[in-house]
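Worksheet: one structure, shown below.
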Amino acid sequence: METIQGISQFNSHKNTAITIGTFDGVHIGHKRILERLINNAKNTGTKSTVLTFFPHPRMVLQKDSEIKLLNTLAEKQQILREMGLDFLIVHPFTKAFSRLTALEFVRDLLVNKLKVKSVVIGYDHRFGRNRNANIKDLIGFGNTFDFKVEEIPAQEIDEVSVSSTKIRNALLNGDIETANAYLGYKYMLSGKVVRGKGLGKDLGFPTANLKIEEAYKLIPQNGAYIITCEFGNTITQGMMNIGYNPTVDGKNKNIEVHLFNVDQDLYNKDLQIRLIKKIRDEQKFDSLQSLSDQLRTDKENALEFLKNEIY
């Protein structure tokens, strides 16, 4: 898959089959559309292309919007690449771009620039200035500019009964199993290991402190979690705590990862965490010994659960 930054940078001579949207989470509902797109492209000899936008339109159009997203751009690229997409176009979303009329968007960008021959889109898709054009308008443009529109009907999308909002709410409530079922994969946190206070090591549970650069990335509810972790060519199991370290009166929110059977300094390494299950809420213990005892129990519970986990 080739990732292209902005429509103006697209210069393929091949015709395209396109779908359009933010695809936050690339969840199982999105995958219905994407699988149809990829099959369509293979059958017509065109290139499967996703046109997505960054920043998220709500970040630009809704004043002081603090929407948290399920994927960083890198994570979204990873998922789409694994699906077998040909092109991912990440177009900058600006107020000027939002003011393009539906005609300008279709004629100048989809047809003239991206060489579209087919569009695969959900039944409720809206586009153009003030989102005032719909699927019927798109079909009309297709008749004018010689491209086909394949509509994914309501029953196909709605029967999945999933949305990015439902997934966000599940994660914020610590319901990792529901979020993962809707996503079709285990929710991920990707970041770099930075120096911490070393408290975990003193307790017998050395931790890697994960720093996520993207402020827009949704962090699940505070608490302790069972996880798997990938770094380099290694995939291993572990547990993770999200929170403020209340036992030692911590002031800053941290993401601390303890990996099982890993005895090396992970400082400055890039980790990708996959969340499996929440173990418990964040707690304030009356002593460091009580905290250490709880961590030992958490590890035992995690290892028992992971016996039957495929990763």
>> Take the conditions touching a strand residue (DSSP E or B) at 6+ places or on another chain (Cβ under 8 Å) and among the acidic types (D, E) and apply them to E75. Does it pass?
In response: yes
> Can you pull out the residues in region 1-53 that are small (G, A, S), surrounded by fewer than 20 Cβ atoms within 10 Å (Cβ to Cβ) and more than 22 Å from K217 (Cβ to Cβ)?
Replying inline: G6, S8, S12, G45
> Which of the residues belonging to region 145-169 are closer than 20 Å to A17 by Cβ, at pLDDT 95 or above and out of contact with any strand residue (DSSP E or B) (no Cβ under 6 Å at 6 or more places or on another chain)?
Replying inline: F145, D146
> What about K68, is it in the same structural domain as G29 (by TED's automatic domain parsing), over 17 Å from E214 (Cβ atoms) and either surrounded by fewer than 19 Cβ atoms within 10 Å (Cβ to Cβ) or over 23 Å from the mean Cα position of the chain (by Cα) (or both)?
Replying inline: no
>> Quick check on region 151-167. Is at least one of its residues of a type in the set (K, R), more than 21 Å from L103 (Cβ to Cβ) and in contact (Cβ under 8 Å) with a residue 40 or more places away in the chain?
In response: no
> Pairs, please: C-beta under 7 Å, at least 6 apart or cross-chain, first residue among the hydroxyl-bearing types (S, T, Y) and in region 50-71, second crowded, with 18+ Cβ neighbours inside 10 Å and part of a loop (DSSP other than H, G, I, E, B)?
Replying inline: T52/T22; T52/F23
> Out of (1) among the small types (G, A, S); (2) out of contact with any strand residue (DSSP E or B) (no Cβ under 9 Å at 6 or more places or on another chain); (3) closer than 15 Å to E35 by Cα, what's the single condition that is false for S98?
Replying inline: (3)
> Taking G142 and the conditions (1) in contact (Cβ under 8 Å) with a residue 24 or more places away in the chain; (2) touching a strand residue (DSSP E or B) at 6+ places or on another chain (Cβ under 7 Å), which numbered condition does it fall short on, given that it satisfies the others?
Replying inline: (1)
>> Could you list, ordered by first residue, the pairs with Cβ atoms under 8 Å in which the first is in region 289-309 and touching a residue at least 60 places away in the same chain (Cβ under 8 Å) and the second is part of a helix (DSSP H, G or I), at least 6 apart or interchain?
In response: L291/T247
> Among K278, K284, which is in contact with a helix residue (DSSP H, G or I) (Cβ under 7 Å, 6 or more places away or on another chain) and under 30 Å from M59 (Cα atoms)?
Replying inline: K278
>> Among (1) outside the structural domain of K277 (by TED's automatic domain parsing); (2) buried (at least 16 other Cβ atoms within 10 Å of the Cβ), there is one condition S190 misses while meeting the rest; what is its number?
In response: (1)
>> Being aliphatic (A, V, I, L, M) and in the same structural domain as S287 (by TED's automatic domain parsing) narrows it down to one residue among L172, L138, L218; which is it?
In response: L218
> Being surrounded by fewer than 16 Cβ atoms within 10 Å (Cβ to Cβ), under 19 Å from F305 (Cβ atoms) and either in contact with a Ser or Thr (Cβ under 7 Å, 6 or more places away or on another chain) or in contact (Cβ under 8 Å) with a residue 40 or more places away in the chain (or both), is that true of even one residue in region 237-259?
Replying inline: no
> With (1) farther than 10 Å from V120 by Cβ; (2) in contact with a Gly (Cβ under 8 Å, 6 or more places away or on another chain) as the list, and I38 as the residue in question, which single condition is left unmet?
Replying inline: (1)
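Modelled with pLDDT of 95 or more, assigned by TED's automatic domain parsing to the domain that holds Q77 and closer than 17 Å to E82 by Cβ: which single residue out of L37, L51 fits that description? Before you say what the answer is, go through the steps one by one.
Working: L51 fails: closer than 17 Å to E82 by Cβ.
None of the other options fit; the residue is L37.
The values are calculated or read from the model by the stated rules, or taken from the named source; none is laboratory data. Since we're looking at a predicted model, the values are computed, not measured. No Cβ is skipped: glycine too gets one built from the backbone with ideal geometry, and neighbour counts run over all protein chains shown.
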